[in-house]
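Have a look at the structure below before the remarks.
The values are calculated or read from the model by the stated rules, or taken from the named source; none is laboratory data. Source: prediction; values computed, not measured. A quick note on method: Cβ atoms are made from the backbone with ideal geometry, for glycine too, and the neighbour counts reach across all protein chains shown. Heads up: the accessible areas ignore ligands, DNA and RNA and are worked out on the full protein's heavy atoms, side chains in. Shrake-Rupley method; radii C 1.70, N 1.55, O 1.52, S 1.80 Å.
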Amino acid sequence: MDEVGGPTILATFTVIAALLPMAFVSGLMGPYMSPIPINASMGMLLSLAIAFMVTPWLARIWMKESAPKKGEHSTGEHPTSGLSTKLTPLFKRVFGPLLDEKSGGKNRGILGIGIAVLIAISVALPATGVVLLKMLPFDNKSEFQVVVDMPVGTPLEETAAVLHELSAYLATVPEVTDYQAYVGTAAPINFNGLVRQYYLRSGGEVGDIQVNLLDKHDRSDQSHAIATRVRPELQRIGSLRGANVKVVEVPPGPPVLSPIVAEIYGPEAQGRREVAKAVRVVFEKTPGIVDVDDSSIADAPRKILLVDRRKAAMLGVPQQAIVTTLRTGLAGTSATYIHDASKYPAPVILQLPQQSHGDLNALLQLTVRAASGRLVAIRELVTVSDTVREQPVFHKDLLPLNMVVADMAGKLDSPLYGVFAMRKDIAAIATPGGGNLVEYFIRQPEDALREYAIKWDGESQVTYETFRDMGAAYAVGLVLIYLLVVAQFGSYLTPLIIMAPIPLTIIGVMPGHAIMGAQYTATSMIGMIALAGIIVRNSILLVDFINLLVRQGVAFKKAVVQSAITRAQPIMLTGLAAMLGAFFILDDPIFNGLAISLIFGISVSTVLTLVVIPTLYFAAYRNRNEALAKEVSSV
C-alpha cells in the first residue's frame, strides 16, 4: 500500500480526467456521450476504494506470508517471480544498447525515428482510405423502411400497385418475416421519422413499406448488409414505374434528415432550383451515392376552377354553394346520419362514383340550384385555368433553401468520402448569376440572398460537431492529466515524459482497425480517449518506482532497468484484463470500434511504454543523477 498507493490514486484520477470532459460534448451526440464519463468515473472511484480496502484485506487472509531475501532492497533487486523473472534477461538485452554510455544516444535516436515512422504510417491509414472514418457505425436492427415517391399527381391506385410489386419482391427475401405497406398516408411515426418528418407525408403519390426482419440471432447477415442487398432490385422495380425508391435504415445514433444533405442557398427560387438540379446530377453520377432526391417536385399539371362571380350573382347562385358542391364531388360529404341507437352514428356520405374520381367532366356536370329553382351545371359558372403545381419553399433559420439528399452504400459507405468525392464536380457548377458555387461546411452563408452557395449538412455536420467537441475534450483531458502529474512529482518535465506514450496508442489503434476491416467511428475515438488515462497510469507506476529505487540508493541506470522488470508483470496483467473485457463487445456493431481501440491500443502501447518511458526518463535525468552521484561520493 505504501509503495503503490500514491501512484494508484494519481493514475485513477488521470483516467477520470481523460474521460470527464466528454460530458460537455454538445449537439445531437451530447446525450449519447454524457453517460460515459459519468459512469466510468464512478466505476473508477469504486474500484479505487475496493483496491485500498477489500484487496489488502483479502490478500492478508488468503496469501501466504513470505519474507524478502536478504539484501534485495540494498541492491535494487525487488522480489521477482513468474513473468518478471522470465523477462529479466530480455529487458537487460533491450536496455543495454539504449543506456550504453557511448552508443546509447545514437540507439535512442534510432528508436525515436522508428516510433515516429510507425506513427506516421498509422496516421496515413485513414488518409489513404485503408481505414474508413465514419461518425455513426451501422447497427444491426430488426427492421428497415422502404420509402416510395411517385411523380406528383399520381393516383393512389397506381402508387398502391407499385408498392404491391415491391412487397412481392420483399416476400422472397429469406430474412424478411413480414411487412406492411402504407399508401397515401404516413406510417406510424418512428425514431427516424421524427427528424425526417415522415408524418407530413400524404397524398396519392407517396407510400412506404415497414419491413421486419428475423431476430439478429437467427440470421447471419446484419441489417445493413440486407438493406444493401435488396436496394438495387427495389430501385429497379420502382424505376420501371417512375418511382423514386429509398431504403432507410434506423440510425444507431441521432437521426438526421439524410446521411448526405446539400443545402442550396441563393437570391432567387428558380436559381436555387436550377443549382439543386445540377447538384443532383453530380450526386447521381458519383459511384456509391444512392437514394438521391431533392426537395423540389416535378412539374405537374394543375387545374384551377375560377368562379364567374358576375354570372353566379345574376343567377342567384351563392359562391359557397358552388364550392360545397365541388368539395362533395371530390371528397364527399356527410349529408346526414343514421340514427339506429348505436354508440356512434353512421354517416351517409354523398360523393361521385369511384369510377368518376379524377374525371373533371363528371365534376363539372354537377349542378347547383339557381334562385329561380332551375338546376345549373357548374360548367356554366366556372372557367378552367391550366397551370402547374407550385414548388414547395423550405426555410432553415428563416433562410429559403433547396435541398439535395442522398445516402452512401458500397465499399466506401461513409458519407464523408461521398462528400469529398463530389466536391470537384460541384465546384464547377455555374450559377445563374455567373460565378462559381460557394461551399460551406460548418455554417450557413453570411449573405444567403446575395450569392449562390452550398452548405453540407446531415451526418457530415454531426461528424464535425462530435469530433470537434471530442477533440476539445481530449485536449482538456490532457491538460488536466498534466496538472495532476505536476502536482504529484513537482516537476514540469516529468509529466511530459509520463504523457509521451499517449501518441503511441495510435500505432495500435489504426492498424488494428485495418486488420479487423472496421471503420474508425465515434466509439473508436472514445477508446482512444480512455487509452490516454490508461497508458499514463503505466507511466506513473514506472517513473514512481524509478524514484523509489533511487531514494533507496540504487544506481540510476540500474533503477531504470529494474523498474521495467518489476513493473512489467502488473502492467501487462492489468492491460490484459482490460483487453479481455473488450473482447466481449468486439462483435457488437456499434461498440466494435471501442473494443478494437482498447485491444490493439493497449497491446501495442503497453509493450512500447515499458521500453520508451524508462529510456526517456534516463535520457532526461541522466546528467542530473550523475552529478548528484558525484556530490554524494565526494562527501
Provide the convex hull volume over Cα atoms per residue for region 298-371, in Å³.
144
Taking the 0 to 90 degree range and rounding to the nearest ten, how far is the long axis of helix 156-170 tilted relative to the main principal axis of the chain, both from C-alpha atoms?
40
Starting from the Cα-Cα distance between Lys92 and Leu45, subtract it from 0.36 nm times their residue separation and give me the gain in nm to one decimal.
13.3 nm
Under the 7 Å Cα-to-Cβ spin-label approximation, Ser334 and Ala421 lie apart by a distance in nanometres of 5.5
C-alpha long axis of helix 505-516 to longest principal axis of the chain, angle in °:
50
Label the chain by shape, choosing from rounded, prolate and oblate, from the square roots a ≥ b ≥ c of the eigenvalues of the Cα gyration tensor; if a/c is under 1.5 it is rounded, and otherwise prolate applies when a/b is larger than b/c, oblate when it is not.
prolate
If we count every other residue with Cβ under 10 angstrom of Ser223's Cβ, Lys/Arg +1 and Asp/Glu -1, where does the sum land?
-2
Cβ-based net charge around Thr8, under 12 Å, with every Lys or Arg adding one and every Asp or Glu removing one:
-2
Going from most exposed to least, what order do His339, His224 have by accessible area with a 1.4 Å probe?
His339, His224
What does the charge add up to near Ala475, with Lys and Arg as +1, Asp and Glu as -1, over the other residues with Cβ less than 15 Å from its Cβ?
0
Length-normalised contact order of region 123-260 in % [C-alpha pairs under 8 Å, at least 6 apart]:
39
Separation of region 523-559 and region 82-115 by C-alpha centroid, Å?
17
Region 405-483: which GluC sites (Glu not before Pro) are DSSP loop and have at most 13 other beta-carbon atoms within 10 angstrom?
Glu446
Once both labels are modelled 7 Å past Cα along the beta-carbon direction, what's the Lys396-Ala371 spacing in nm?
5.7
Of the listed pairs Lys141/Lys424; Lys141/Lys411; Lys141/Lys343; Lys246/Lys424; Lys216/Lys246, which have alpha-carbon separations greater than 31 Å here?
Lys141/Lys424; Lys141/Lys343
Taking every pair of alpha-carbon atoms in region 159-215, give the share separated by more than 14 Å as a whole percent.
56
Any chance you could look up the accessible area of Arg369 with a 1.4 Å probe, heavy atoms only, rounded to 10 Å²?
150
If you rank Val393, Val307 by how much accessible surface each has, with a 1.4 Å probe, what is the order from largest down?
Val393, Val307
Compute the length gained on full extension between Ser103 and Asp178: take 0.36 nm times their separation in residues and subtract their Cα-Cα distance, giving the result in nm to one decimal.
19.7 nm
Report, in degrees rounded to the nearest 10, the 0 to 90 angle that the Cα long axis of helix 522-551 makes with the longest principal axis of the chain.
10
Percent accessible area from carbon and sulfur atoms, the chain, protein chains only, probe 1.4 Å
62
Can you give the translational diffusion coefficient of region 183-335 in µm²/s, computed by Stokes-Einstein from the Kirkwood radius over Cα pairs at 20 °C and 1.002 mPa s?
107
Averaged per residue, what accessible area in Å² does the chain show with a 1.4 Å probe, protein chains only?
51
For the pair Arg389 and Ala186, what calculated FRET efficiency results from E = 1/(1 + (r/R0)^6), where r is the Cβ-Cβ distance and R0 = 30 Å, to the nearest 0.05?
0.90
If r is the Cβ-Cβ distance from Arg302 to Gln197 and R0 is 22 Å, what FRET efficiency results, to the nearest 0.05?
0.40
Label-point separation (nm) for Met53 and Gln444, each offset 7 Å from Cα along Cα-to-Cβ?
5.5
Rounded to 0.05, the calculated FRET efficiency for the beta carbons of Ala472 and Arg327 at R₀ = 60 Å is 0.55
Relative contact order of the chain, please, whole-number percent, based on alpha carbon pairs below 8 angstrom and at least 6 residues apart.
21
